[in-house]
Amino acid sequence: MKTLTPRVRQLLAAMSPRDKLGQMTQLSPDFFLSKPETLSTGPLQTLGVRPEDLPRIGSVLNVFRPSVLRQLQAQHLAADPHQIPLLFMADVIHGARTVYPIPLAMAASFNPGLLARTCAMAAAETRQLGLRVTFSPMADLVRDSRWGRVMESSGEDPYLNRVMSQASVEGYHRGWGSAEAPDCMPRPGLACCVKHFAAYGAAEAGREYNTVELSRLTLQQSYLAGYRGALEAGAELVMTAFNTFEQLPCTGNAYLMREVLRQQLGFEGVLITDYAAVEELIHHGVAADGREAASLALTAGVDMEMMSANFLNYGQDLLERGEVTLDRLDESVARILTLKEELGLFEDPWSGLPAEISDRQIFAGFNSGERGKASQATALEAAAETMVLLQLGTELPIPPKTHLGLAGPFADTPDILGGWSLSAASDTVSVAEGLRRAVAEGRLAALTVGLAGMDPDQPLTGPGLTAGLPKTPTVYAKPCEDQQLLAQARERFADCDAVLLTLGERQELTGEGSSKTDLSLSPYQLQLLRVLSQLGKPLVAVVFSGRPLLLAPVAQACDSLIQAWFPGCQGGRALARLLTGEQDFTGRLPISFPRSVGQLPLYYNQLSTGRPYDATRPATRFVSRYLDESNAALYPFGFGLSYHRPKLQDLRLEELTNPRGKLLSDGSINSEDGCLNVTVGLVNPFPQPVTETVQLYIRDLVACVSRPLKELKRFTRLTLPANSQQDLSFTLTPADLAYFDSKLQRRVDDGEFVIMVGTSSADYLSQRIWLTF
């Protein structure tokens, strides 16, 4: 635990137990804004919170209006005798006023520096609202795309997850940078709450909030990497997961929170629950009531309870019964007060918000000036670098003389931002708008939009699906038979040279609470695909989604196929640049795309089986295979095409000699000194620069436990000048080759390794080498 400052020690001594329990509680703003006559029937009554306890509350979530934030802070400080400011936190996931591509899309860039810049700009905009903490990044490893929250993740690979989580935290911390920040704004960026600890992304069958059955060994080998990256970058908070681990909910799981998080990972910051997770211990069946739920969570080490009040309602009773000690409360409150002090809240509770500026003025200033231009330029750059070309026909890039037809439910809508978007869709460049700009700039001859109604098979139902999302008018397509639709298409696109078809899933149908059993396109979209493929014109399909969908029918029917994800506010401009060849595709898949839902969970770095399938002997039955489908992904991890790509050649391996030894004297692994140098040649034969993401994988052939068929250990995104060649080198350390054994001890063994360097997990050069440690 961090050394306490005099201020924190003095406050701990002066606060009553109930004051401390209030600091350990986070509520939403409606608890504080109720009128006096509704206090007995409104949100306070719902959680059993007494009005006199409101000045004790330590934190508020999701206040997005600066005027409300100032009001809440002012009334709080006027009522709190200890003058401890409120800490305001919010879900800022992929942008604030400027919306960037969803996190899964950002992982497709394989560009942690770009991700850090988007997070820095999001932090800068969020700070102008007075907020200090974001509930981001989500570092959960995801191998089942039925789970809706895959859109918030970095995909299926532990190493990529770790690198991207680390970059996110570094960006959020940076903000605009201290050189540009006003003197009244200490720490110009945001503090980060990494989530959800632990293994939330492993929910059975991809069903939201479902059971997780995971061994401690698999947790160590794969699932901790993302959280570790965020903590290495200095994330100040960790959020507990909704799921169970070893049949005990994470919020009440002392093994996870104390032994793994605190001791093994060395986390000293604030541990906060997810929304009402303490209360949900009752539904999990591990607590009979709120008192038992509070006791479990406090014993596990939770510091702050979000959106339920069991600490506040039952903490005093637990103290009197001796089930919880005052030292235990002090442990949590000290962390909370230390965070507030480190954020400068005691000196400036308003976090730099000028009192004389209205909400309207603050919102209007977001996209103005040099910072506004920089944010929009970065949003365009990010959208272009995250789209993945999955199939390339002869019609791409589209020549300037082309008259292009545009169809499908995402053709002319701004609703391509993705879930957790905080901005207005009116600022979004739609696909149609982006292509119209291309026409105006002479990069296309003409554009005709038709059959662009929203999917009638994806209506919005249920109150939760549109909460917090942009509200735009929806015009649904009218259902009709194939022949009628074909006649409409022939008439509308008669003069077009090619057709661009937009497909996918609505942004409101991804994210939390959006699990699916069927990842197919809707019947209407499959009908559109079927009909437009009969026009006899080149057909390019673009898919907007927050997860991998089943795209085999699309690949068969179209000439070219693009995965656009939810690309953010500049998605339409980015797509136009890529389609016309103004910019090349450089995105690569951070998650495998299945051929069938029956393959899920699906991931490239699976373990070998005792009867592995051999593709050269497809008729063999008694091996690990499906009778009705291939084992392989339709599009594997790391895959992505470009108009121009360099050639990889001449893979070379050099074992490095370390005079100090590759293992340290205490038996631990030296993670700094290299043990293997890997070099590959790249040749660009084209008269223009080309960009490639070179990926290095390893396989440990013999170990004390079964090891993955391949594991990503390094990647580099580089641009080669025209008509050039160069060598690229990677240095691996013993830590890169290490693993956890069945006793959960980390080790590295002498033995033979396969080193693979290529452009995806399925396309690489390889060599074997024996390494001695």
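The values are calculated or read from the model by the stated rules, or taken from the named source; none is laboratory data. Computed from a predicted model, the values in this text were never measured in an experiment. Methodologically, a virtual Cβ is constructed for each residue, glycine included, from the backbone with ideal geometry; neighbour enumeration extends over all protein chains shown. What goes into the accessible areas is simple: the full protein's heavy atoms, side chains included, and nothing from ligands, DNA or RNA. Shrake-Rupley method; radii C 1.70, N 1.55, O 1.52, S 1.80 Å.
Looking at THR586, is it under 30 Å from GLY434 (Cβ atoms) and under 24 Å from the mean Cα position of the chain (by Cα)?
yes
Among the residues of segment 480-535 satisfying the criterion of being of a type in the set (A, V, I, L, M, F, W, C) and in a strand (DSSP E or B), which is farthest from the chain's Cα centre (by Cα)?
The qualifying residue farthest from the chain's Cα centre (by Cα) is ALA498.
Just give me the residues in segment 325-343 being assigned to a loop (DSSP other than H, G, I, E, B) and open to solvent by less than 10 Å² (accessible area, probe 1.4 Å), in sequence order.
Across segment 325-343, the qualifying residue is only LEU343.
Answer yes or no: is there a residue in segment 727-735 that is surrounded by fewer than 19 Cβ atoms within 10 Å (Cβ to Cβ), under 30 Å from the mean Cα position of the chain (by Cα) and more than 23 Å from VAL690 (Cβ to Cβ).
Looking for residues that are surrounded by fewer than 19 Cβ atoms within 10 Å (Cβ to Cβ), under 30 Å from the mean Cα position of the chain (by Cα) and more than 23 Å from VAL690 (Cβ to Cβ), one finds at least one in segment 727-735, hence yes.
In segment 484-532, what count of residues is obtained for those that are β-branched (Val, Ile, Thr), at pLDDT 95 or above and open to solvent by less than 30 Å² (accessible area, probe 1.4 Å)?
Residues meeting the conditions: 3.
Residue under question is ALA90, and the condition is that it be of a type in the set (A, V, I, L, M), over 16 Å from PHE311 (Cα atoms), modelled with pLDDT of 95 or more and surrounded by fewer than 17 Cβ atoms within 10 Å (Cβ to Cβ); does it hold?
no
Answer yes or no: is there a residue in segment 366-373 that is part of a helix (DSSP H, G or I) and buried (at least 19 other Cβ atoms within 10 Å of the Cβ).
No: zero hits.
Condition first: at pLDDT below 95 and open to solvent by 10 Å² or more (accessible area, probe 1.4 Å). Can you find one or more residues in segment 591-608 that meet it?
Checking segment 591-608: at least one residue is at pLDDT below 95 and open to solvent by 10 Å² or more (accessible area, probe 1.4 Å).
Quick one: which strands (runs of 3 or more DSSP E) sit completely within segment 670-773 and have at least 3 residues that are among the charged types (D, E, K, R)?
Result: 690-700, 711-720.
Report yes if ALA355 is among the small types (Gly, Ala, Ser), within 22 Å of VAL63 (Cβ to Cβ), touching a residue at least 12 places away in the same chain (Cβ under 8 Å) and open to solvent by 50 Å² or more (accessible area, probe 1.4 Å), otherwise no.
It is true that ALA355 is among the small types (Gly, Ala, Ser), within 22 Å of VAL63 (Cβ to Cβ), touching a residue at least 12 places away in the same chain (Cβ under 8 Å) and open to solvent by 50 Å² or more (accessible area, probe 1.4 Å).
Evaluate segment 153-167: report whether one residue or more is farther than 22 Å from SER514 by Cβ, open to solvent by 10 Å² or more (accessible area, probe 1.4 Å) and among the polar types (S, T, N, Q).
yes
Has segment 188-195 got at least one residue that is part of a strand (DSSP E or B), in contact with a Lys or Arg (Cβ under 8 Å, 6 or more places away or on another chain) and either in contact (Cβ under 8 Å) with a residue 24 or more places away in the chain or hydrophobic (A, V, I, L, M, F, W, C) (or both)?
yes
Tell me which of these LEU231 doesn't satisfy, since it passes every other one: (1) more than 28 Å from LYS516 (Cα to Cα); (2) free of Cβ contacts under 8 Å to residues at least 40 places away in the same chain; (3) surrounded by fewer than 24 Cβ atoms within 10 Å (Cβ to Cβ); (4) of a type in the set (A, V, I, L, M).
The one condition LEU231 does not meet is (3).
Go through the residues of segment 379-401 one by one and say whether even a single one is farther than 18 Å from PHE544 by Cα, open to solvent by 10 Å² or more (accessible area, probe 1.4 Å) and not in a loop (DSSP other than H, G, I, E, B).
For segment 379-401, residues farther than 18 Å from PHE544 by Cα, open to solvent by 10 Å² or more (accessible area, probe 1.4 Å) and not in a loop (DSSP other than H, G, I, E, B): absent.
Would you call VAL133 under 16 Å from ALA198 (Cα atoms), aliphatic (A, V, I, L, M), buried (at least 24 other Cβ atoms within 10 Å of the Cβ) and touching a residue at least 60 places away in the same chain (Cβ under 8 Å)?
No: the conditions fail for VAL133.
Would you point out the residue of segment 559-590, among those that are small (Gly, Ala, Ser) and out of contact with any Lys or Arg (no Cβ under 9 Å at 6 or more places or on another chain), that is surrounded by the most Cβ atoms within 10 Å (Cβ to Cβ)?
GLY571
Would you confirm, using the coordinates I've provided, whether THR691 is open to solvent by 20 Å² or more (accessible area, probe 1.4 Å), under 30 Å from LEU641 (Cβ atoms) and free of Cβ contacts under 8 Å to residues at least 24 places away in the same chain?
It is false that THR691 is open to solvent by 20 Å² or more (accessible area, probe 1.4 Å), under 30 Å from LEU641 (Cβ atoms) and free of Cβ contacts under 8 Å to residues at least 24 places away in the same chain.
Quickly run through segment 599-649 and pick out the residues that are touching a Lys or Arg at 6+ places or on another chain (Cβ under 8 Å) and charged (D, E, K, R).
GLU629
Among the residues of segment 314-352, write down those that are free of Cβ contacts under 8 Å to residues at least 12 places away in the same chain and touching a Lys or Arg at 6+ places or on another chain (Cβ under 7 Å).
Scanning segment 314-352 gives no hits.
Taking THR98 and the conditions (1) at pLDDT below 95; (2) in contact with a Lys or Arg (Cβ under 8 Å, 6 or more places away or on another chain), which numbered condition does it fall short on, given that it satisfies the others?
Result: THR98 passes all but (2).
Condition first: open to solvent by 30 Å² or more (accessible area, probe 1.4 Å) and touching a helix residue (DSSP H, G or I) at 6+ places or on another chain (Cβ under 7 Å). Now tell me which residues in segment 56-74 satisfy that.
ARG56, ARG65, SER67
Filtering segment 209-227 down to residues that are touching a helix residue (DSSP H, G or I) at 6+ places or on another chain (Cβ under 6 Å) and not polar (S, T, N, Q), which residue is farthest from LEU737 (Cα to Cα)?
VAL212
May I ask you to list the residues in segment 249-281 that are open to solvent by 50 Å² or more (accessible area, probe 1.4 Å) and either part of a helix (DSSP H, G or I) or more than 18 Å from MET304 (Cβ to Cβ) (or both)?
ARG258, GLU259, GLN263, GLN264, GLU280
Residues being touching a helix residue (DSSP H, G or I) at 6+ places or on another chain (Cβ under 7 Å), part of a helix (DSSP H, G or I) and open to solvent by 50 Å² or more (accessible area, probe 1.4 Å): count how many of those fall in segment 283-316.
Qualifying residue count for the region: 4.
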